[in-house]
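Engineer: Can you keep this structure in mind? I'll have questions shortly.
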Amino acid sequence: MGFRLEEWEVAVYPEVLEASSGNGKLFLIFISRDGGSKKYASVLAPGQHEGLGKVGDPGISSWGWNLDGQHSTYHALFPRAWTVYDGEPDPELKVLCRQISPFIPHNYRDSSLPTAVFVYTLVNTGRERARVSLLFTWANSIGGVSHLSGDHVNEPFIGEDGVFGVNLHHKSAKGNSPVTFSIAACETQNVSVTVLPSFGLSEGSCITAKDMWDKMVQDGQFDRDNFSSGPSMPSSPGETLCAAVAASACVEPHGKCTITFTLSWSSPKVKFLKGFSYHRRYTKFYGTSEKAAQTLAHDALTNYKRWEEEIEKWQRPILMDERLPEWYKFTLFNELYFLVAGGTIWIDSCLVDKKRPNDQDELARIKNDAIKSTETKVSGRGEEVFRTMTTTTLNDFAGVEFDDDENSTSSSHVSEEELMVPLKRGYTDRSYQTYKVLDLGNTEEDVGRFLYLEGVEYVMWCTYDVHFYASFALLELFPKIELNIQRDFAKAVLSEDGRNVKFLADGTYGIRKVRGAVPHDLGTHDPWNEMNAYNIHDTSRWKDLNSKFVLQVYRDFAATRDMSFGVDVWPSVRAAIEYLEQFDRDGDGVIENDGFPDQTYDTWTVHGISAYCGCLWVAALQAASAMAHELGDRDFAETCKSKFLKAKPVLEAKLWNGSYFNYDSGSSSNSNSIQADQLAGQWYTASSGLPPLFDDFKIKSALKKIYDFNVMKIRGGRMGAVNGMHPNGKVDETCMQSREIWTGVTYAVAATMILAGMEEEAFKTAEGIFLAGWSEEGFGYWFQTPEAWSMDGNFRSLVYMRPLSIWGMHWALSLPKSILEAPKINVMDRIHVSASNTKFFHHETGVRRMATKAKCFGDSALNCAF
């Protein structure tokens, strides 16, 4: 492979090796030498089972737990891992298990497949032939209510190309989709495969775990007749049903042998709590039959070499780059674990299995849950705007065409002329192209829809203020998924949900989703249809979400040069800017925070103009102007440029203190704090190839201040960047979040440093997260990087989305050609600002004319309020 495995060694982590040791999901090894006079047998996991020593125990504690782990190491470089057993349990046998998952950038088919491959390489360093049997066991269980509910069935199979194994059919509870596991091995000229279709962990089982162990110790294999045994009897309530696949081979003295296993599973539908179901992405290629698991197992065993080649081709240039620190290479890839472990749901498309309640009671409840008529008053642009949502129920959204009178808030009667957006000449042979807010009929290059959680403790899908940091990973590796997420939020911007919700922070009530406001998240129990599961604050008053939407959209547009994407989301970009302008209370061009935690730092109060939100706003104005120019919306380009030119000097005058930007313009005790994230807008500006927001001196001075204070004054830079620091060198103790170190923000600060030419400081800053979170001397947060930790190492919110922002560092180190090769002329210099263009216009090309009015979200509670 061109590099030494040891270079990415995590070290001996028994917790990793023992992850599945208590539930019958294990690998075991049986070795016989010299005609059977020397035998070794052990579970391939260090330590001892908790039940060891129980007299007459028929379960897995009766197996041999003979590894102490002193010669076993685990190495990880996601999506691959290696476990090395060097002379355990046989001193003359080295066992290497290579684990491969088809996580392949830009491959939207294979990367969706629910499968993993385990490739064992056996090296005999002794003078005698060794007969080795490896055993893969699996429990017919998904945990939870159905674990011991019974009616589960196992069935052996003989497949094509020597793929032999067992299918484990699991009957789920509460009407959820059934699950089928398939465990298999590949039989070759040198490898023989046998199976034990079913065994149990308790005394009443026909064949117990102890029986199975004794059989393997004696014979090293199962009876070939087991393949013809057919489906097992359904398990009884309270019984754990397990299966095993054994692969046996003879390894000659100083020879080696390869044995390959796979685990695949099929669960075709995902069902959300409110009863709505969707087909998972892989069903597009394998269908919804329970037989898909077996087919997946076959394909995994026949394709894994190609997958591994593609993974190595992707990773090799980074691994071989001598300019990059070794810890960075390791951490860069391993932080990607969250894209598959962060509660990820990837569905085929909204057309494959249109959402529908499976439970009739739930259906009746939803149909009768009327969306109350709500009138809200929004103050903005010096005028009062009243919007009224029509009183309706879910029934009314199914194919209904709304009245087209002037009082209607929704209409599906939109002429083709109203759906036209002017495009920049040169991208099309026409000056106008039809725009549709939601074109569900276009399945060309459809990559489905994608959800991932903010974190396993904060159960909200695609939390947007956090995705702002994490999205660099998707843009770099799976850009079509990233564009689809942005499309989902673009549709949401133009929608409104008038149902009342209570906000926990102050006890007030408001509507769930305000038109023009970017939602905090796509929901929890009914994603895409019932958004804003977050209810601590009213996020329609947050000052970062809309700016983050504009900045992400422009970055993605600039990087992909996808004109259809730009046209799709442009009305929402305009709406987001227009909505946010209402928070410029004094008309100085810069939005103000409202004296509560109205941004991603949702316990950290902000007063007046803030470095974080103000910088994001100014950056968003520049990005919107540039995008408007590219799409041919000249009036809006001029409008945003004029506002940018007005806002920028105000922001600097109010916050710049000579060495950094103050936290905010208020008079509180922490208003002059040094915020690590103060240049978030500049981070995106530089990442998108736009001109810098401030002069080079200000950018580098602020970053140097952050480095000297927020980074280096915290244990010598070995923990990351603390969010807030007073200029006297003391940590800002204003609130929990001001004194925390946020892993993802630290990576983002490091990315900003790289873009400013401060690579040495950048890697030192980010290394603190590696040392505290991933290294042997750290706190032990590998593959569960939290949102934050305190200075004593206590964590908050394990397995969190934001640390994916390390890919923002990679983006900064290797900007794509589309940005590097963009014209060097300042795009802002190309936009003429007319004296009359000082207000937002609502003309024919405005957002109100470009949005379809009835079916932004189909039959959901959301209504496009135009």
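The values are calculated or read from the model by the stated rules, or taken from the named source; none is laboratory data. Note that the structure is a prediction, hence the values are computed from the model and not measured. All Cβ positions, glycine included, derive from the backbone under ideal geometry; neighbour counts span all protein chains shown. These accessible areas exclude ligands, DNA and RNA; they are computed on the full protein's heavy atoms, side chains included. Shrake-Rupley method; radii C 1.70, N 1.55, O 1.52, S 1.80 Å.
Engineer: Can you list residue pairs whose Cβ atoms sit under 6 Å apart, with the first residue in the stretch 179-205 being touching a residue at least 24 places away in the same chain (Cβ under 8 Å) and over 18 Å from residue 290 (Cα atoms) and the second being open to solvent by 40 Å² or more (accessible area, probe 1.4 Å) and among the aliphatic types (A, V, I, L, M)? Count only pairs 6 or more apart in sequence or on different chains.
Structural biologist: 199/207
Engineer: Among the numbered conditions (1) open to solvent by less than 30 Å² (accessible area, probe 1.4 Å); (2) farther than 19 Å from residue 335 by Cα, tell me where residue 470 comes up short.
Structural biologist: Tallying (1) open to solvent by less than 30 Å² (accessible area, probe 1.4 Å); (2) farther than 19 Å from residue 335 by Cα, residue 470 fails exactly one: (2).
Engineer: For the stretch 243-309, which fully contained strands (runs of 3 or more DSSP E) count at least 3 residues that are over 22 Å from residue 100 (Cβ atoms) and in the same structural domain as residue 95 (by the TED database)?
Structural biologist: 269-271, 277-279
Engineer: OK, next. Give just the number: which of (1) open to solvent by 30 Å² or more (accessible area, probe 1.4 Å); (2) touching a residue at least 40 places away in the same chain (Cβ under 8 Å); (3) in the same structural domain as residue 584 (by the TED database) does residue 504 not satisfy?
Structural biologist: (2)
Engineer: Moving to a separate point now. So residue 635 passes all but one of these: (1) open to solvent by 30 Å² or more (accessible area, probe 1.4 Å); (2) under 30 Å from the mean Cα position of the chain (by Cα). Which condition number does it fail?
Structural biologist: (2)
To keep it simple, each residue is scored yes or no on (1) open to solvent by 10 Å² or more (accessible area, probe 1.4 Å); (2) in a helix (DSSP H, G or I); (3) hydroxyl-bearing (Ser, Thr, Tyr); (4) over 22 Å from residue 573 (Cβ atoms).
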position	(1), (2), (3), (4)
520	no, no, no, no
528	no, no, no, no
533	yes, no, no, yes
552	no, yes, no, no
555	no, yes, no, no
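Engineer: Does the stretch 188-209 include one or more residues that are of a type in the set (D, E, K, R) and surrounded by 18 or more Cβ atoms within 10 Å (Cβ to Cβ)?
Structural biologist: no
Engineer: Next up: Residue under question is residue 705, and the condition is that it be of a type in the set (Lys, Arg), free of Cβ contacts under 8 Å to residues at least 40 places away in the same chain and open to solvent by 10 Å² or more (accessible area, probe 1.4 Å); does it hold?
Structural biologist: Answer is no for this residue.
Engineer: Next question. Can you tell me which condition residue 752 does not meet? The list is (1) open to solvent by 50 Å² or more (accessible area, probe 1.4 Å); (2) within 19 Å of residue 328 (Cα to Cα); (3) not aliphatic (A, V, I, L, M), and all the others hold.
Structural biologist: With (1) open to solvent by 50 Å² or more (accessible area, probe 1.4 Å); (2) within 19 Å of residue 328 (Cα to Cα); (3) not aliphatic (A, V, I, L, M) applied to residue 752, the lone miss is (1).
Engineer: Could you please find all residues in the stretch 565-594 being of a type in the set (Gly, Ala, Ser) and touching a residue at least 60 places away in the same chain (Cβ under 8 Å)?
Structural biologist: Those that are of a type in the set (Gly, Ala, Ser) and touching a residue at least 60 places away in the same chain (Cβ under 8 Å): 566, 572, 575, 576, 589.
Engineer: For residue 252, indicate whether it is among the charged types (D, E, K, R), farther than 13 Å from residue 185 by Cα and at pLDDT 95 or above.
Structural biologist: Here the answer is yes, as residue 252 does meet what is asked.
Engineer: Can you pull out the residues in the stretch 481-501 that are open to solvent by less than 30 Å² (accessible area, probe 1.4 Å) and either in contact with a strand residue (DSSP E or B) (Cβ under 8 Å, 6 or more places away or on another chain) or of a type in the set (Asp, Glu) (or both)?
Structural biologist: Result: 481, 482, 485, 488, 492, 495, 496, 497, 498, 501.
Engineer: Hey, any hits in the stretch 757-773 for a residue that's open to solvent by 10 Å² or more (accessible area, probe 1.4 Å), under 23 Å from residue 622 (Cβ atoms), at pLDDT 95 or above and more than 22 Å from the chain's Cα centre (by Cα)?
Structural biologist: Checked the stretch 757-773: at least one residue is open to solvent by 10 Å² or more (accessible area, probe 1.4 Å), under 23 Å from residue 622 (Cβ atoms), at pLDDT 95 or above and more than 22 Å from the chain's Cα centre (by Cα).
Engineer: Restricting to the stretch 295-347, and then to whatever is of a type in the set (Gly, Ala, Ser) and within 30 Å of residue 157 (Cβ to Cβ), can you tell me which residue is surrounded by the most Cβ atoms within 10 Å (Cβ to Cβ)?
Structural biologist: Looking at residues that are of a type in the set (Gly, Ala, Ser) and within 30 Å of residue 157 (Cβ to Cβ), I get 297.
Engineer: Of all residues in the stretch 783-793, which are open to solvent by 20 Å² or more (accessible area, probe 1.4 Å) and modelled with pLDDT of 95 or more?
Structural biologist: Residues satisfying the conditions are 783, 784, 790.
Engineer: Okay, next question. Given the stretch 34-115, what strands (runs of 3 or more DSSP E) lie entirely inside it while holding 3 or more residues that are without any contact (Cβ under 8 Å) to a residue 60 or more places away in the chain?
Structural biologist: Here the list reads 38-43, 80-86, 93-100.
Engineer: Give me the pairs, please: first residue somewhere in the stretch 160-177 and within 11 Å of residue 301 (Cα to Cα) and in the same structural domain as residue 302 (by the TED database), second residue anywhere and aromatic (Phe, Trp, Tyr) and surrounded by fewer than 24 Cβ atoms within 10 Å (Cβ to Cβ), beta-carbon distance under 8 Å, and either six or more positions apart or on two chains.
Structural biologist: Going by the 8 Å Cβ cut-off, the qualifying pairs are 164/157; 164/227.
Engineer: Please go through the stretch 663-693 and pick out each residue that is within 14 Å of residue 615 (Cα to Cα), open to solvent by less than 30 Å² (accessible area, probe 1.4 Å) and either in contact with a Lys or Arg (Cβ under 8 Å, 6 or more places away or on another chain) or free of Cβ contacts under 8 Å to residues at least 24 places away in the same chain (or both).
Structural biologist: 684, 693
Engineer: Filter the stretch 724-749 down to the residues that are open to solvent by 40 Å² or more (accessible area, probe 1.4 Å) and within 21 Å of the chain's Cα centre (by Cα) and list them by number.
Structural biologist: Selection gives nothing.
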